[in-house]
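As structure tokens, the structure follows; a few thoughts come after it.
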Amino acid sequence: MVVVISGASSGLGRELAVQLSRQGAHLVLAARRLELLDELNAQLGGGHLCVGADVSQPQDCVRIIKKTQERFGRIDTLICNAGYGQVELTASTSPEDLRQIFATNVHGTVDLIHAAVPIMKAQSPQNRWRGQIMIVSSAAAGRGLPYFGPYAATKAAQKSLAEALRVELKPERIAVTSVHPIGTQTEFFNRAESLSSLRLQTPQRKAWRQSATKVVRKMIKAIEKPRAELWPFYPVKFALLLGFMFPGVADRIMETSRRQIQLLNQS
Ligand SMILES: NC(=O)c1ccc[n+]([C@@H]2O[C@H](COP(=O)([O-])OP(=O)(O)OC[C@H]3O[C@@H](n4cnc5c(N)ncnc54)[C@H](OP(=O)(O)O)[C@@H]3O)[C@@H](O)[C@H]2O)c1
């Protein structure tokens, strides 16, 4: 099968490439750091296609899909994984930073899908589906987080888009799966801190993270047998449900988190 992975240079995208390659998939690896993609491709035997691309640029998303079609002639799974967070108070986030995070996490997702769907629609079905779109959102899609407001908003937007797409594309036999990890051991948090002068990470928070290997194993199961949503740490769904029913209680819990981060940045 042919799998396109945006954000394949590190973290979940890189781990997806490693595990899918072991299973014999033909991969398209996209990210801005082309040198890391080339290194990864060499490690995986050199048979995959690497595309240096910035998904916040619509023409780059079109190029990723065009190159995939030229090389492989089909797309079985498109994994919209590229994304980042930025530690910042919501009201202090500059308009430019806000636009950039939406351009990458949200527009980068939709622009890839826009380019890929006509190709998937024209394919003959394999195992019931013509293709699958997997959108890597977050558990943060279910609740705005202090110091991570714009990021959580992009993840909520991705979840909402996935819900609409899932129903719209079902008659075309294109499956849509959204993925909602909790904190996972990748470059994500170091990057999120590096984009501002604020810190977020404490030893307790680090201890809670899932391994990328475990999350990706579950993602691959959801590729083998498409489903609507994947929550790699299932109990978080119940916490979010309680937050939905009792938003005041959820606010108080989040207030504790906000104070911890504030203290961390005063020390
Ligand atoms: N780690 C977590 O705790 C966690 C939890 C929930 C959801 N997620 C989501 O999981 C996805 C993957 O993140 P990760 O945890 O694997 O973090 P990561 O290790 O920082 O990887 C992020 C990937 O996205 C790519 N990327 C970022 N901006 C890009 C752009 N403008 N154009 C193209 N590629 C871009 C990066 O590549 P380049 O820098 O080379 O472009 C990198 O390959 C993200 O969407 C994130 O929101 C992560």
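Using 0.36 nm times the number of residues separating L89 and S267, minus their current alpha carbon distance, what extension gain do you get?
Net length gain for the segment: 62.3 nm.
Taking the chain as a Gaussian network, where each spring joins two C-alpha atoms under 10 Å apart, which residue of L37, L242, L20 fluctuates the most?
L242
Helix 247-266 versus the longest principal axis of the chain: what is the Cα-based angle in degrees, 0 to 90, to the nearest 10?
Relative to the chain, helix 247-266 is tipped by roughly 80 degrees.
Working from Cα positions, state the angle (0 to 90°, nearest 10) between the long axis of helix 58-72 and the longest principal axis of the chain.
Approximately 40 degrees, to the nearest 10.
Determine which aspartates and glutamates satisfy two conditions relative to K225: a Cα distance under 15 Å, and not lying fewer than 8 residues away in the same chain.
Within the straight-line limit of under 15 Å, K225 reaches these aspartates and glutamates: D76.
Please give the helix 34-43 orientation as an angle from the longest Cα principal axis of the chain, in degrees from 0 to 90, rounded to the nearest 10.
60 degrees
Say we join alpha carbon atoms closer than 10 Å with springs in a Gaussian network model of the chain; which of I253, I65, I135 then has the biggest fluctuation?
I253
Quote the Stokes-Einstein diffusion coefficient, in whole µm² s⁻¹, for the range 2-266, based on the Kirkwood radius over alpha carbon pairs, a temperature of 20 °C and a viscosity of 1.002 mPa s.
113 µm²/s
Going by a ≥ b ≥ c, the root eigenvalues of the Cα gyration tensor, does the range 144-258 fall in the rounded group (a/c under 1.5), the prolate group (a/b larger than b/c) or the oblate group?
Since a/c reaches 1.5 and a/b is larger than b/c, the shape of the range 144-258 is classed as prolate.
Given the Cα-Cα distance of R128 and Q210 and 0.36 nm per residue of separation, how much length would full extension add, in nm?
Length gained, R128 through Q210: 26.3 nm.
What pairs from K155/K221; K170/K206; K170/K214; K66/K237; K66/K206 go past 32 Å between their alpha carbons?
Too far apart for the 32 Å limit: K170/K206; K66/K237; K66/K206.
FRET efficiency for Q100 and K66, Cβ-Cβ distance as r, R0 = 30 Å, nearest 0.05?
0.80
Using Cα pairs closer than 8 Å and at least 6 residues apart in sequence, work out the relative contact order for the chain, in percent.
18 percent
How high is the relative contact order of the range 114-267, given as a whole-number percent (alpha carbon pairs under 8 Å, six or more residues apart)?
Relative contact order for the range 114-267 comes out at 25 percent.
So, in nm, how far is label V249 from label R22 when the simple model puts each one 7 Å beyond its Cα toward the Cβ?
With each label placed 7 Å out from Cα toward Cβ, I get 4.1 nm.
Please rank E96, E163, fewest neighbouring Cβ atoms within 10 Å first, as an exposure proxy.
E96, E163
Which of L78, L169, L16 moves most in a GNM of the chain, Cα contacts under 10 Å?
Residue with maximal mean-square fluctuation among L78, L169, L16: L169.
None of the figures in this text is laboratory data; all of them are computed from the coordinates on show. Computed from a predicted structure; not experimentally measured. With ideal geometry, Cβ positions are generated from the backbone for all residues, glycine too; neighbour counts draw on all protein chains shown.
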